[in-house]
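Novice: Quick one: this structure, given as structure tokens, is what I'll be asking you about.
The values are calculated or read from the model by the stated rules, or taken from the named source; none is laboratory data. What you see is a predicted model; the values in this text were computed from it and never measured. Methodologically, a virtual Cβ is constructed for each residue, glycine included, from the backbone with ideal geometry; neighbour enumeration extends over all protein chains shown.
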Amino acid sequence: MARKKQSGTRKASRRPAAPGRGVSAPRGSPAASSTPDKLSLVVGIGASAGGLEAFTRFFAHMPADSGMAFVLIQHLDPQRVSMLVELLSAKTTMPVTAAADGAPVTANSVFVIPPNAVLTIAEGVLRLSQPAPAREHRRPVDAFFTSLAVDQGERAACIILSGGGSDGTEGVRAVKEHGGLTLAQAEFDQHAMTGMPSSAAATGLVDFVLPVEDMPGRLMSYWSHLSGIEDRKGPDGSRQDMADAVLKICILLRRALGHDFIEYKRNTVVRRIQRRMQVLQIDNPADYFEHLRRTPIELDALFRELLINVTEFFRDPDAFAALQPVIRDIVAGKDADEQIRLWVPACATGEEAYSIAILLAEAMPTGRSTGPKVQIFATDIDEQAIATARAARYRKSLLSGVNEERRQRWFVKEDDHYSLIKSIRETCVFSTHSIVKDPPFSKLDLIVCRNLMIYLNAALQEKVLRTFHYALRPNGVLFLGTSESIGRLTSLYATVDKKHRIYRRRETSTALPGFPLVAARAAPDVAPAAVPAASESNVDKSARRVMEKHLPAYVVVDRNHDVIRFSGETDKYLGPSPGTASLNLFSLIRKPLRTPARAALQKALATQAMVSHENLMVQANGHRRLLDLIVEPLDDGHCVVVFAERPAPAAGRDASSQSQPSSDGLERELAATRERLQATIDELETSNEEMKSTNEEYQSVNEELQSTNEELETSKEEMQSINEELQTVNAELNSKNDQLTRAVGDLTNLKNSTQIATITLDGSLHIRDFTPPMTGLFHLRETDRGRPVTDLVTKLDYGDLQDDAARVIRDLASIEREVTLKDRDATFLMRMLPYRTIENVIAGVVMTFVDITDRQRLERERGMLSAIVDSSFDAIIGHTLEGTITNWNRAAEVMFGYQASDIIGKPMAVLFPAGRADEAVGLSKRIGHSEIIKSFDTELVRKDQTEIAVALTVSPVRSEGRRIVAASTIATDATARKKMEEHQTLLLHELSHRVKNTLATVQSITAQTLRASGVAPSARELLEGRLIALARAHDVLMERNWRDADLREIAGRALNAFTGSDAGRLRLEGPSVHVAPEAALALAMALQELATNASKYGALSNDGGYVDVSWTVQGKDQPAHSLRWQESGGPPVEAPNHQGFGSRLLKRNLAEELGGKVDVQYARGGVVCTIDFRLGGGEGDPA
Amino acid sequence: VTNVSLSGVRVLVVEDEMMVSMLLQDMLSDIGCTPVGPARRMGPALKLIEHAVFDIAILDVNLNGDESYPIADAFVFASGYSADSLREKYRSIPSLQKPFQQHELEQTLAAVLIRRPH
């Protein structure tokens, strides 16, 4: 319903510093005008350390003669000297000074907070306290704004510029509450900048979110509006010309929103409306009313303005401390099965309700597991506030009244916020409820209603207090705000703690006031009745006092015949009657007058005209008097009952009896008449008595009826209360139901999205729930929920399900198992966990099945591959493309001496000799660039830094997408191979050496033998030539390790000796052909014979001949070779007449050796010899 | 074939194979050279180099297992090893491959003498 605030600040807000009671000028000075030197607004500007740029832009648009004073509050490092004063001096012509303690705030000046200080303002003078508190408590902007709000009221303006955190938010709240202007910096459009501006804007109390450039203009127009309406303001700062409009606005609000502010304190309402007008810059109340009528959103804004709300946890800690024992008593007086019922009307955003809930929770006996159940009804008319309260989530700044122990115990920290723990949250039921409109709750132990009544006028206050009295159970406690009290209603409440406003319900029966308390009846006290009385002059007063003596006594009664005003000496006619004290006219009035009075009143009310009963006889103070009873109705159902006394009749009667002589006849007649009269009177009295007794009977019946009626009333009220309560509970349930529906939706989606087969079983293994993939494992249908799982056909090869489930439920431990399918090769990882309900009760099991078939297959494959790798004798090293080692097999451990655990993660470079670290990186890089690296020999180093000869093979490792992701290096130990190779070479050389030495020896032996036997030198040379040809052919073969020989090499060596220095005479032409050793030897010998012949008879025997040796190769597999020997330029050839060694060798043996055909033509131009042969597997290489 | 006169050139023969050594001496005599030595082993060969007077030497690379490089610098090799297997630094020194013919010996000696300033 409304809003809370500590009474101290409340008072200040009630009396905002009216302009004209300027802060720099003494109170009572004339109203501020627009004279530039007069102080107009005091503008507080808050920014964090980085605010210089925003300040600069602000002053660039702010004229220097605005009459405003600016106080800049910046978050400064306490250790550093601020340059802000110097920097800003250059940006504005206004004097810029560092704020000093006691400095008066003057117009057209800029004050800057110094480092390490807290700046406040009081009575228009700056107050500086140093040093600033520790960082976590330092909120300089809040501190200044709050003091500014109190000191300057609506002449305070505050601006939140860029900065991190939430400093300034509380300050904005205060400024707004005291009627000032609040601005925040926009990021773009009207979106507040993140950090301080957005934090402030989130309260909904920032009037404008603007770019910095637009702020000066806004301030100026605000001031011009404010000063424009100055003269229309009353001494309390509320405008005098508002009365009509306020009433209309209140009626409009009641009609539109259903909330009635008519009986709220008039000045409060007026000031709040005024503020909206200022913000909208509307001058005329009637215009505002029109605006309000046309713009529904403004209705909401005004409503919110009227409900400005300042509350926090344990606000007013002393009062809460005083409440603690009361709460302890309440708890102590309850049994565990009873309920403690509380009501917090006007709970706003819930802080107070939760504070009470915490007090209660703390008062609960710790030993007992279950204390009495607590039910706190927290209500407010502001739905937004209720929504906030329901969320139970509060900014840290609102928790300043909560000590650390309470924070730990009752709150859960979430980022910047604190949430109430569940048990506290659940004791509070929040609902929208109007204390004015709606029936109250009932049988309450405690009502906490703080700072609500200060907004209500006296009449409504009383009604509310009567409502509370009704709602409280006997001895129930009422806790009011510090500046509130029970007023006159001491008959209803006894004081428990006067200072802290704690009261106890007195045992008096009260009827529940009718609802709504503020009926939609005639306009309320727009013109209070007291006003004319107050205007009575002293003369009038004295005259009235005199006149009272001469006027007849009268009383004014209301509709219920209760006396509301006595006048004159009514004691003659009225007197208290025994029994319950009452102001009812009929219980006060003397018996003889009762009947005529009742008749007269009824008639007067019925006819709305004056009724008079004349000449009534009364006995008072022993005298008989004659009396005229006059009843005249007033307009509003009240009646005036006048007791007009007649002059004493006795004197008159005496006079007449003396003046007139008596007559017997007449006297007799008189006597007879008297007797008749007496008889008639007696008769009348008798019937009167009868009437009376009948009347009494009726009365008692009436009493009975009335008490029945009262009982019914009470029942009805109780029903109303219960109904209200039920509605509240229902709303709460509905909101919970919504939450549950959402949660169920979330869970279902989550469950379905996991694709994990999941099934939940209850304690007796009946199916509770399952996910769709489960149907692949059991023959499950939707309708199977509730059936025992053991009844279902399963595809799983899992006979122990029941035993396992029983074990899980018994031991509360989970079970994991690999389960296979019966019909198909698939493996699942089954995990069985106990199913815990929210209350932590085990109510079955949850089973999940994860398909691990692929994983297992991969696992097996991996195992096999790693076994292969491990059993290799070659070092197999896996590494990244950057060269970091990732795998290291056993052979590598042996070869290099590093254990896998030592080397994995190290770079490949450690395996390379010191100077060749780059090579390692280079290899990996080349692999990464898809380069193919052939196996190559190199040296690597072992852990002990010895070198090892290896053959390295580096190959890429590809991902599934064929992308190269890593590399593997295989190092084969080449030491043994190298040694073998060296040995082989050595042997070959030795062999070659021996062969040639032997040939040389043979040469020597034959030479000397032949020389001694006188053989012709030509024969010796021939022999020598053949021996040497053999040796040369061996040479060629030896160079190729006796594998094969190049044809060109064979031919060249064979013929070199014949051409001597004139090598040009021999021309060799043909592709590179490798021939087997045997063929090579045969060919060499053949060529030797041909050359010998040529040097004797053919082309080489003179100086001008040539020999062309050419060969061709055709075909791939077993290619056909054809070698052609052609001489030219020699002397004419004649066919030899006998077949020598040469032609025998050529024609028979060579052909056989080569498996080919040899043809020698002794053409005249020169010998031509062609040798055709095939070489098995010999390669033709076109190079 | 060559315009260098081999007549009277004194040639030190270091050759372990007796028959080859004889053939070499015959050949040298045939072409007009004067054989010096012969030496069959390293030790005697080194002694001869100190004391004997000669113009040129023919060394067998393998002297019964010892390599004759230590005394090789100015001399010609006669060896069963192929040119490839001779050590790198002696590549430029003319070599003869066993078995060789007389004219090859002549040419090689001439080539050495041309390269050497007298």
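Novice: Which ones in the stretch A:230-257 are under 26 Å from A:G204 (Cβ atoms) and at pLDDT below 70?
Specialist: Filtering the stretch A:230-257 for residues under 26 Å from A:G204 (Cβ atoms) gives A:237-239, A:242, A:245-246, A:248-257.
If the condition is that a residue be under 26 Å from A:G204 (Cβ atoms) and at pLDDT below 70, then A:G237, A:S238, A:R239 are the ones that fit.
Novice: Only one residue in A:E725, A:E711 is under 27 Å from A:R341 (Cβ atoms) and surrounded by 12 or more Cβ atoms within 10 Å (Cβ to Cβ). Which one?
Specialist: None of the other options fit; the residue is A:E725.
Novice: Taking into account only those residues within the stretch B:95-118 that are surrounded by fewer than 16 Cβ atoms within 10 Å (Cβ to Cβ) and more than 10 Å from every other protein chain (Cβ to nearest Cβ), which is modelled with the highest pLDDT?
Specialist: Filtering first and then ranking leaves B:A111.
Novice: Anything in the stretch A:430-448 that is in contact with a helix residue (DSSP H, G or I) (Cβ under 7 Å, 6 or more places away or on another chain) and either closer than 26 Å to A:D335 by Cα or free of Cβ contacts under 8 Å to residues at least 12 places away in the same chain (or both)? List them, or say none.
Specialist: Matches in the stretch A:430-448: A:F430, A:P440, A:F441, A:S442, A:L444, A:D445, A:L446, A:I447, A:V448.
Novice: Looking only at the stretch A:619-667, count every residue that is among the aliphatic types (A, V, I, L, M) and at pLDDT 75 or above and tell me the total.
Specialist: Applying the first criterion (among the aliphatic types (A, V, I, L, M)) to the stretch A:619-667 yields A:620, A:626-627, A:629-631, A:634, A:640-642, A:644, A:648, A:650-651, A:655, A:666.
If we keep only those that are at pLDDT 75 or above as well, we get A:626-627, A:629-631, A:634, A:640-642, A:644, A:666.
Number of matching residues: 11.
Novice: Within the stretch A:973-989, can one find any residue that is touching a residue at least 60 places away in the same chain (Cβ under 8 Å) and either surrounded by 14 or more Cβ atoms within 10 Å (Cβ to Cβ) or not in a helix (DSSP H, G or I) (or both)?
Specialist: yes
Novice: Right, next: Among the numbered conditions (1) touching an Asp or Glu at 6+ places or on another chain (Cβ under 8 Å); (2) modelled with pLDDT under 70; (3) surrounded by 15 or more Cβ atoms within 10 Å (Cβ to Cβ), tell me where B:L24 comes up short.
Specialist: (2)
Novice: Could you tell me which of the residues A:S700, A:S764, A:S721, A:S715 is part of a loop (DSSP other than H, G, I, E, B) and of a type in the set (S, T, Y)?
Specialist: A:S764
Novice: Looking at the stretch A:615-645, which of the residues that are charged (D, E, K, R) and more than 22 Å from A:E548 (Cα to Cα) is surrounded by the most Cβ atoms within 10 Å (Cβ to Cβ)?
Specialist: Looking at residues that are charged (D, E, K, R) and more than 22 Å from A:E548 (Cα to Cα), I get A:R624.
Novice: Here is a further query. Can you give me the number of residues within the stretch A:453-495 that are loosely packed, with under 14 Cβ neighbours inside 10 Å and either in a loop (DSSP other than H, G, I, E, B) or hydroxyl-bearing (S, T, Y) (or both)?
Specialist: So the answer is 5.
Novice: Right, here's the next one. When the residues of the stretch A:757-778 are filtered to those that are of a type in the set (A, V, I, L, M, F, W, C) and closer than 10 Å to A:V845 by Cβ, which remaining residue is farthest from the chain's Cα centre (by Cα)?
Specialist: Once the filter is applied, the top-ranked residue is A:L765.
Novice: In the stretch A:917-937, which residue that is out of contact with any helix residue (DSSP H, G or I) (no Cβ under 8 Å at 6 or more places or on another chain) and hydroxyl-bearing (S, T, Y) is surrounded by the fewest Cβ atoms within 10 Å (Cβ to Cβ)?
Specialist: That would be A:S930.
Novice: Quick one: how many residues across the stretch A:411-443 are part of a helix (DSSP H, G or I), surrounded by 21 or more Cβ atoms within 10 Å (Cβ to Cβ) and out of contact with any Lys or Arg (no Cβ under 9 Å at 6 or more places or on another chain)? If you could, list the steps in order and put the result at the bottom.
Specialist: At the first step, the residues of the stretch A:411-443 found to be part of a helix (DSSP H, G or I) are A:422-427.
Next cut, surrounded by 21 or more Cβ atoms within 10 Å (Cβ to Cβ) only: A:424, A:427.
Subsequent filtering for residues that are out of contact with any Lys or Arg (no Cβ under 9 Å at 6 or more places or on another chain) retains A:424.
The number of residues fulfilling the criteria is 1.
Novice: Residues to consider are A:S221, A:S227, A:S129; find the one that is more than 22 Å from A:E312 (Cβ to Cβ), surrounded by 17 or more Cβ atoms within 10 Å (Cβ to Cβ) and out of contact with any Lys or Arg (no Cβ under 8 Å at 6 or more places or on another chain).
Specialist: Every option except A:S227 fails the conditions.
Novice: Mind checking which strands (runs of 3 or more DSSP E) fall wholly inside the stretch A:334-409 and carry at least 1 residues that are within 25 Å of the chain's Cα centre (by Cα)?
Specialist: A:393-395
Novice: Still on this structure: How many residues are at pLDDT below 85 and over 19 Å from A:D438 (Cα atoms) if we restrict to the stretch A:706-723?
Specialist: Summing the residues that are at pLDDT below 85 and over 19 Å from A:D438 (Cα atoms) in the stretch A:706-723 gives 5.
Novice: If a residue must be in contact with a strand residue (DSSP E or B) (Cβ under 9 Å, 6 or more places away or on another chain), within 14 Å of chain A (Cβ to nearest Cβ) and surrounded by fewer than 18 Cβ atoms within 10 Å (Cβ to Cβ), how many such residues does the stretch B:27-54 contain?
Specialist: Of the residues in that region, 1 qualify.
Novice: OK, next. Count, please, the residues in the stretch A:887-916 that happen to be surrounded by 15 or more Cβ atoms within 10 Å (Cβ to Cβ), not in a helix (DSSP H, G or I) and not aromatic (F, W, Y).
Specialist: Residues flagged as surrounded by 15 or more Cβ atoms within 10 Å (Cβ to Cβ), not in a helix (DSSP H, G or I) and not aromatic (F, W, Y) within the stretch A:887-916 amount to 6.
Novice: Which residue out of A:T783, A:T741, A:T754 is within 26 Å of the chain's Cα centre (by Cα), farther than 20 Å from A:I852 by Cα and without any contact (Cβ under 8 Å) to a residue 40 or more places away in the chain?
Specialist: A:T741
Novice: Could you please give the count of residues in the stretch A:1000-1020 that are closer than 21 Å to B:D16 by Cα, more than 10 Å from chain B (Cβ to nearest Cβ) and aliphatic (A, V, I, L, M)?
Specialist: 0
Novice: Hey, could you check the stretch A:543-594 for residues that are part of a helix (DSSP H, G or I) and aliphatic (A, V, I, L, M) and say which is nearest to A:V641 (Cα to Cα)?
Specialist: Ranking the qualifying residues of the stretch A:543-594, first place goes to A:L585.
Every residue, every condition in (1) touching a helix residue (DSSP H, G or I) at 6+ places or on another chain (Cβ under 7 Å); (2) among the hydrophobic types (A, V, I, L, M, F, W, C); (3) within 13 Å of chain B (Cβ to nearest Cβ); (4) buried (at least 17 other Cβ atoms within 10 Å of the Cβ), yes or no:
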| site | (1), (2), (3), (4) |
| --- | --- |
| A:L1022 | yes, yes, yes, yes |
| A:A1029 | yes, yes, yes, yes |
| A:R1043 | no, no, no, no |
| A:E1049 | yes, no, yes, yes |
| A:G1052 | no, no, no, yes |
| A:R1067 | no, no, no, no |
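Novice: Considering each residue of the stretch A:152-211, count those that are touching a Ser or Thr at 6+ places or on another chain (Cβ under 7 Å), β-branched (V, I, T) and assigned to a loop (DSSP other than H, G, I, E, B), and give that number.
Specialist: Selection size over the stretch A:152-211: 2.
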